[in-house]
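The values are calculated or read from the model by the stated rules, or taken from the named source; none is laboratory data. Not measured: the values here are computed from a predicted model. Reconstructed Cβ throughout: ideal geometry from the backbone, glycine too, with neighbour counts over all protein chains shown. To get the accessible areas, we keep the full protein, side chains included, count just its heavy atoms, and leave off ligands, DNA and RNA. Shrake-Rupley method; radii C 1.70, N 1.55, O 1.52, S 1.80 Å.
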Amino acid sequence: MNPAPRSLVSIFTMGIWVLGAANGSFAQTACEDTRVTASDADPFDSLGYAVAISGDTAVVGAFWDDENGNNSGAAYVFGGDTRNWVQTQKLLASDGQGGVPNGDWFGVAVAIDGDTAVIGAFAVDGGGAAYVFRFDADTSTWIEEQKLLASDREVGDHFGHAVSISGDVALIGAARHDDIGTNSGAAYVFRFDPDTSRWVEEQKLLASDGAVAVNFGFPVAVSGYTSVIAAPGSDDACPDSITC
């Protein structure tokens, strides 16, 4: 479940490619719009390890960025039109920290829907966290709105290694949670309450057949009232690992 070694992901420090569709339709051949890089890119930042897009806004994680300390992490916002994508902001956790050998890894997972983005940081305080940023139209900036934590989080859960958002619902994976066995995994549903302007943990999801090391919760996706949660360690398709 750990990210790939630096030697395998260092290529992403150079940037990411943004692809558009010719004539505005993906039925046509896709064409490259532009290549984007971070304004302060450094070797081994891992820009591009996580990416998400909504409309004309893209969020790109760089979880080994060191601005808040060794491997504290960052995420970059790019805005674009048909042929011009530019960096508009660099996002950092308000309480971001570095560490040896690892910091928070803010930006290891990113998600965006409209004016709301969620950035995962599964190493925060050992148990993980996710940060919600909302775009403020008055100042044209993304502002940290809330830090999300699992109500029962424990060290090593990897809460925030996978994130997704749809409207007022955020889904956060914790693939190394141990409710049904070591690293059986879990996912947490948070919903935005407009009355209090707070994100509230609404439900903890577990696989009905969860087991040791299935890593339920990596990755996750949500759209409307439907969510999909992967369990890459499940052996349902191949129970006999010796012959498969």
- prompt: If you add up the charges near Phe159, with Lys and Arg at +1 and Asp and Glu at -1, over every other residue whose beta carbon is less than 14 angstrom from its beta carbon, what do you get?
  reply: -4
task: For Ser151 and Asp95, calculate 0.36 nm times their separation in residues minus their Cα-Cα distance, and state this gained length in nm to one decimal.
output: 18.3 nm
query: Between Ser197 and Asp168, what is the spin-label point distance in nm, taking each point 7 Å from the Cα along the Cα→C-beta axis?
result: 1.5
- prompt: Which value, in Å² rounded to 10, gives the accessible area of Thr141 with a 1.4 Å probe and all protein chains present?
  reply: 50
Probe 1.4 Å, protein heavy atoms only - accessible area per residue of segment 57-200 in square angstrom: 36
- prompt: Given H placed 1.01 Å from N in the peptide plane, which residues other than close sequence neighbours of Ala186 have an amide H under 5 Å from its amide H?
  reply: Ala174, Ala175, Arg176, His177
- request: Express the carbon and sulfur contribution to the solvent-accessible surface of segment 108-244 as a percent, rounded to the nearest whole number, probe 1.4 angstrom.
  value: 51
- prompt: Efficiency by 1/(1 + (r/R0)^6): what FRET value for Glu144 and Ser223, r their Cβ-Cβ distance, R0 = 25 Å, to the nearest 0.05?
  reply: 0.55
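If you take the beta carbon distance between Asp115 and Leu206 as r and set R0 to 35 Å, what does 1/(1 + (r/R0)^6) give as a FRET efficiency, to the nearest 0.05?
In this case the efficiency is close to 0.65.
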message: So if each residue of separation counts as 0.36 nm, and I subtract the Cα-Cα distance between Asp235 and Asp42, what length gain in nm does that give?
response: 65.5 nm
Arg191 - accessible surface, heavy atoms, 1.4 Å probe, Å² rounded to 10: 70
message: Taking the full set of protein chains and a 1.4 angstrom probe, give the accessible area of Val51 in square angstrom, rounded to the nearest 10.
response: 90
